[in-house]
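Single-structure report; data block below.
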Amino acid sequence: MLEELKEEAIVNKVGGRFKLSTLIQKRLVQLNRGSRPLVDMNSDDKMEIVIHEILQDKIFLTTNGELKILSETADLGELLDLDSGDL
């Protein structure tokens, strides 16, 4: 198990264990379908990539459970809306 998942900080950051699990699952689906990682890592471990994306505030869930990706080129508050069906 990844050490970051043992910490309460990531659970609190996302808003609970259920939301964390949902966010991880949705992002893993995107990565498995060919989406590029949003963090620079020397790892092929997709779970580790997702955890680092969460910790670096690259991805989050909206209040209705949709996965949102913060665009690096967007102005503050502007979000890149990706649906796994669009991939």
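Bear in mind that the values in this text are calculations on the coordinates, not laboratory data. Note that the structure is predicted; figures quoted are calculated from it, not measured. Every residue, glycine among them, receives a Cβ derived from its backbone with ideal geometry; neighbour counts consider all protein chains shown.
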Simple label model, 7 Å out from Cα along Cβ direction - Leu5 to Thr62, nm: 2.7
Summed residue charge, Cβ within 9 Å of Gly65's Cβ, Lys/Arg positive, Asp/Glu negative: +1
Burial order of peptide ranges 15-25, 46-56 (average beta-carbon count within 10 Å, highest first): 46-56, 15-25
Pairs from Lys19/Lys68; Lys13/Lys46; Lys19/Lys58; Lys6/Lys68 whose Cα-Cα separation, in the structure shown, is over 18 Å: Lys13/Lys46; Lys6/Lys68
